[in-house]
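Student: Before I ask anything, here is the structure I am working with.
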């Protein structure tokens, strides 16, 4: 494979390009999401409400072409995994991520997804291969992939992580093996919880988790790596934080969604009257608000973890 849409340049040009692991104003390469991310029980960062979208996946490179300098992917620094930090007490059932993979020579690599606490201890993991990832050919195609643990694990301050395929090349600079990528938000769209890279942190080659913001000199972004959670044991505050009403204010329609399964939704006006009610049994429902009177409403989402209450404004 000599060329894909983001131009894999000859690796033999200069390994000196990798001497400094800094951001250097990387440019995003946008890809196409093959399927809309529609699975349930996935915790998305709050920044998705106003700054970023999982439907707009991208990776970053220094100049829009040099593949090995990308923020999300492997390179000569030894990065082999990426993680997005999450706080809040959850029963984590697995990992989901927006990823892509280019198999240059048709081979497969064994990878894994895991929950890792902030001390570096792995709490749970699940194995998969690059063949389980969406395949990129002449275009950059991403998709949401999901991996379930054998049993749930309780976590409160942790990284949702995925490993990526090692970047391989021979002495002549020929690339082989697999190139795996995790999509990210735009620079500046971070939820406030740092993204991390499993990177070399000293000259002796000792590995550790370090913030991508620090490692890349200010790349303030979220990686599209998400914990899958159970609704069991969530507090009302946590449940509300995992439930969404958008757009808000609404005009013609509004989407009511939650990271845990929604069994029923109700919308109340300021007089406490039910103006909309529906059984759902899904993670989202779209409501036509064109006939609603302009004003304030209260949305109740009855989920497997309890009742989430959100405010809605209709213009």
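The values are calculated or read from the model by the stated rules, or taken from the named source; none is laboratory data. Treat the numbers as computed from the prediction; the structure is a model and nothing was measured. When we count neighbours, we look across all protein chains shown, and the Cβ atoms used for this are built from the backbone with ideal geometry, even at glycine.
Student: Residues of region 100-134 being closer than 26 Å to residue 32 by Cα, free of Cβ contacts under 8 Å to residues at least 40 places away in the same chain and crowded, with 16+ Cβ neighbours inside 10 Å, which ones? It would help to see each step written out before you state the result.
Tutor: Initially, region 100-134 is screened for residues closer than 26 Å to residue 32 by Cα, giving 100-114, 127-134.
Those still in the list that are free of Cβ contacts under 8 Å to residues at least 40 places away in the same chain too: 106, 110, 127-129, 131-132.
The one that is closer than 26 Å to residue 32 by Cα, free of Cβ contacts under 8 Å to residues at least 40 places away in the same chain and crowded, with 16+ Cβ neighbours inside 10 Å: 128.
Student: If you don't mind, another one. Are any residues in region 19-63 farther than 21 Å from residue 94 by Cα and modelled with pLDDT under 70, and if so, which ones?
Tutor: 19, 20, 21, 22, 23, 24, 47, 49
Student: Kindly indicate whether residue 203 is assigned by TED's automatic domain parsing to the domain that holds residue 56, in a loop (DSSP other than H, G, I, E, B) and under 27 Å from residue 108 (Cβ atoms).
Tutor: Values: assigned by TED's automatic domain parsing to the domain that holds residue 56: yes; in a loop (DSSP other than H, G, I, E, B): yes; under 27 Å from residue 108 (Cβ atoms): no.
Spelling it out, it is not the case that residue 203 is assigned by TED's automatic domain parsing to the domain that holds residue 56, in a loop (DSSP other than H, G, I, E, B) and under 27 Å from residue 108 (Cβ atoms).
Student: Related question: Among the residues of region 259-283, write down those that are in a loop (DSSP other than H, G, I, E, B) and without any contact (Cβ under 8 Å) to a residue 12 or more places away in the chain.
Tutor: First, the residues of region 259-283 that are in a loop (DSSP other than H, G, I, E, B): 269-273.
If the condition is that a residue be in a loop (DSSP other than H, G, I, E, B) and without any contact (Cβ under 8 Å) to a residue 12 or more places away in the chain, then 271, 272, 273 are the ones that fit.
Student: Please state which one of 78, 83, 106 is farther than 26 Å from residue 153 by Cβ and in contact with a strand residue (DSSP E or B) (Cβ under 8 Å, 6 or more places away or on another chain).
Tutor: Working: 83 fails: farther than 26 Å from residue 153 by Cβ; 106 fails: in contact with a strand residue (DSSP E or B) (Cβ under 8 Å, 6 or more places away or on another chain).
The unique qualifying residue is 78.
Student: Just give me the residues in region 178-207 being surrounded by fewer than 20 Cβ atoms within 10 Å (Cβ to Cβ) and over 24 Å from residue 52 (Cβ atoms), in sequence order.
Tutor: Across region 178-207, the qualifying residues are 200, 201, 202, 203, 204, 205, 206, 207.
Student: Listed residues 170, 214; which is within 22 Å of residue 101 (Cβ to Cβ), in the same structural domain as residue 44 (by TED's automatic domain parsing) and at pLDDT below 85? Write out each step before concluding.
Tutor: Details: 214 fails: within 22 Å of residue 101 (Cβ to Cβ).
Answer to the check: 170.
Student: Can you name the condition, by its number, that residue 210 falls short on among (1) touching a residue at least 24 places away in the same chain (Cβ under 8 Å); (2) assigned to a strand (DSSP E or B); (3) surrounded by 15 or more Cβ atoms within 10 Å (Cβ to Cβ)?
Tutor: The number of the failed condition is (1).
Student: Moving to a separate point now. When the residues of region 237-258 are narrowed to those that are out of contact with any helix residue (DSSP H, G or I) (no Cβ under 9 Å at 6 or more places or on another chain), closer than 23 Å to residue 93 by Cβ and in contact (Cβ under 8 Å) with a residue 40 or more places away in the chain, which ends up surrounded by the fewest Cβ atoms within 10 Å (Cβ to Cβ)?
Tutor: Among those residues, the one meeting the criterion is 240.
Student: Somewhere in region 296-311, is a residue at pLDDT 90 or above, surrounded by fewer than 18 Cβ atoms within 10 Å (Cβ to Cβ), touching a strand residue (DSSP E or B) at 6+ places or on another chain (Cβ under 7 Å) and not in a strand (DSSP E or B)?
Tutor: No, region 296-311 has no match at all.
Student: Quick one: would you say residue 286 is surrounded by fewer than 15 Cβ atoms within 10 Å (Cβ to Cβ), under 19 Å from residue 42 (Cα atoms) and in contact (Cβ under 8 Å) with a residue 12 or more places away in the chain?
Tutor: Working: surrounded by fewer than 15 Cβ atoms within 10 Å (Cβ to Cβ): yes; under 19 Å from residue 42 (Cα atoms): yes; in contact (Cβ under 8 Å) with a residue 12 or more places away in the chain: yes.
Taking the combined requirement at face value, the residue satisfies it.
Student: Does region 135-158 include one or more residues that are within 20 Å of the chain's Cα centre (by Cα), surrounded by fewer than 23 Cβ atoms within 10 Å (Cβ to Cβ), under 19 Å from residue 107 (Cα atoms) and modelled with pLDDT of 85 or more?
Tutor: Yes, some residue in region 135-158 is within 20 Å of the chain's Cα centre (by Cα), surrounded by fewer than 23 Cβ atoms within 10 Å (Cβ to Cβ), under 19 Å from residue 107 (Cα atoms) and modelled with pLDDT of 85 or more.
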